[in-house]
Amino acid sequence: MQKNTTVETGFRYGVICGCISMVYSLIIMLLPISFTLQKQLGYVTIIFLIAYIFISQKSYKNSNNGFMSYGEGVKISSLLSLVSAGINSIFFYIYFSFLDPTYREKVKDDAIAKWEEAGMSEEQIDQVLEISKTFFEPGTMAFMTLVFGLSIGIVIGLVISAIQKKTAPEAQ
């Protein structure tokens, strides 16, 4: 069996996870459902991330005689998360900028509704909108997707790597 490197493994599974998450996100955004339900269903992508981190590390171990150090696991999961989040970040930028520029307004309207429910006055909402207007821009939303995806992936990867690690006897 050919031994895979951590980079090959992380990149390969990052592309797969990113593409699956992207298609899933597109389907959710195109469904005629409420924005709140879309957000809730969007959290399923975290399950994809968990599954692919686990699968990628298992694949690496299988190609490495059943062994994987903690550091190798973290490296695989970090690269997988970066690639997957990068794919989704690019997708969201294109989607928010060109395919459905009105989607940003849905995000903003949802935020305004939550602020109104919280009892904020119209003046307070206007102030918050002025301060946060850049957060509703496609570039900022894409960047936040990248940062969130990478951050959550690293945290999940740290945990899964601790569970999956099996150090080779000569490395102990």
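Can you give me the % of accessible surface on the chain that is carbon or sulfur? Probe 1.4 Å, all protein chains present, nothing else counted.
67 percent
Please compute the modelled spin-label separation between Glu105 and Ile152, points set 7 Å along Cα→Cβ, answer in nm with one decimal.
2.8 nm
Which one of Tyr93, Phe54, Ile112 is farthest out on the positive end of the charge dipole of segment 50-172, using unit charges on Cβ (Lys, Arg +1; Asp, Glu -1) and the Cα centre as origin?
My answer, from the dipole projection, is Phe54.
Would you please name the trypsin sites (Lys or Arg not before Pro) within segment 2-108 that are DSSP coil residues with at most 14 other C-beta atoms within 10 Å of their C-beta?
Those that pass, being in a loop and sparsely packed, are Lys3.
Show that you can apply the helix-only estimate: for the chain, add -39,500 (n - 2.57) for every DSSP H stretch of four or more residues, divide by all residues, and state [θ] at 222 nm to the nearest 500.
Helix contribution divided over all residues of the chain: -26000 deg cm²/dmol.
Using only the alpha carbons of segment 55-157, determine the length spanned along each of the three principal axes and report them from longest to shortest in whole angstroms.
The principal-axis extents, from largest down, are 63, 31, 18 Å.
Going from most exposed to least, what order do Thr134, Thr45 have by accessible area with a 1.4 Å probe?
So the residues, ranked largest to smallest area, are Thr134, Thr45.
In segment 1-122, how many lysine pairs have Cα atoms under 19 Å apart, counting only pairs 8 or more places apart or on different chains?
For segment 1-122, qualifying lysine pairs total 9.
Using only the Cα atoms, work out Rg/Rh for the chain, with Rh taken as the Kirkwood radius, to two decimals.
Radius of gyration relative to Kirkwood radius: 1.10.
Running Debye on segment 13-65 with equal point scatterers at the Cα sites and no solvent, what base-10 log of I(q)/I(0) appears at q = 0.24 Å⁻¹?
For segment 13-65, the Cα-only Debye profile gives -0.87.
Compute the length gained on full extension between Phe136 and Tyr43: take 0.36 nm times their separation in residues and subtract their Cα-Cα distance, giving the result in nm to one decimal.
31.5 nm
Which cross-chain or sequence-distant (5 or more) residues have an amide H under 5 Å from the amide H of Met68, H modelled 1.01 Å from N in plane?
HN-HN under 5 Å from Met68: Lys166, Thr167, Ala168.
The values are calculated or read from the model by the stated rules, or taken from the named source; none is laboratory data. Note that this is a predicted model, so its numbers are computed, not measured. Every residue, glycine among them, receives a Cβ derived from its backbone with ideal geometry; neighbour counts consider all protein chains shown. The protein model used for the area step is the full one, side chains on, heavy atoms only, and it has no ligands, DNA or RNA in it. Shrake-Rupley method; radii C 1.70, N 1.55, O 1.52, S 1.80 Å.
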